[in-house]
Amino acid sequence: MDQTFIFIASVSVGILTFASALTFILKKLRPLNETYVKVWTIVRTWWLIVGFLLLMVATGRWGMTIGFMLLSIFAAREYYQHSRLTESKNQLFFLITLFIIVQYLLLAFEKYTAFQILPVLTIIVFLPPLAIFTDGIKRMPELVASVMGPIM
């Protein structure tokens with residue numbers, strides 16, 4: 001492994017270990033303090049985030065591609081959970097998930113021209129039928145935001 005990666009991983013794990021130990025001690029001293037309980041949750045979450053990122057970097061190009069693909073799908077899911085659309089939310093999420101997978105596969109196989117064209121093509125091909133068949137013309141700004149937001 002690269003020396004830089006080992007250094008960054010060591011520093012990250014060291015900082016998180018220190019934060020975990022400090023939070024654990026403070027939580028033991030004052031177990032009813034809500035702030036320490038919240039900080040403990042935040043530190044555990046950072047362990048997951050840093051661990052996931054280090055695993056992605058350690059596994060190389062495919063690990064990074066799959067990792068960022070999963071992060072993008074989770075972000076799109078979160079985006080649609082807070083979307084104002086009701087009736088076509090599941091269909092849009094399915095289409096955007098397929099779009100995300102195809103985009104990252106195009107990147108992984110170094111098809112950069114197709115990678116650049118796909119967002120525009122997706123908007124041109126999928127937005128008009130969605131507007132027509134899901135009664136989206138009446139709510140066009142919401143529909144456009146729901147399609148273009150995750151694509152961007």
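Every number here is computed from the coordinates shown, using simple stated rules; none is lab data. Small disclaimer: the values here were computed from a predicted structure and weren't measured. For neighbour counting, all protein chains shown are included, and Cβ atoms are generated from backbone atoms with ideal geometry for every residue, glycine included.
Below are the figures for this structure:
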item	result
FRET efficiency for residue 108 and residue 53, using Cβ-Cβ distance with R0 set to 22 Å, rounded to 0.05	0.75
Cβ-defined net charge surrounding residue 38, 14 Å radius [Lys, Arg +1; Asp, Glu -1]	+2
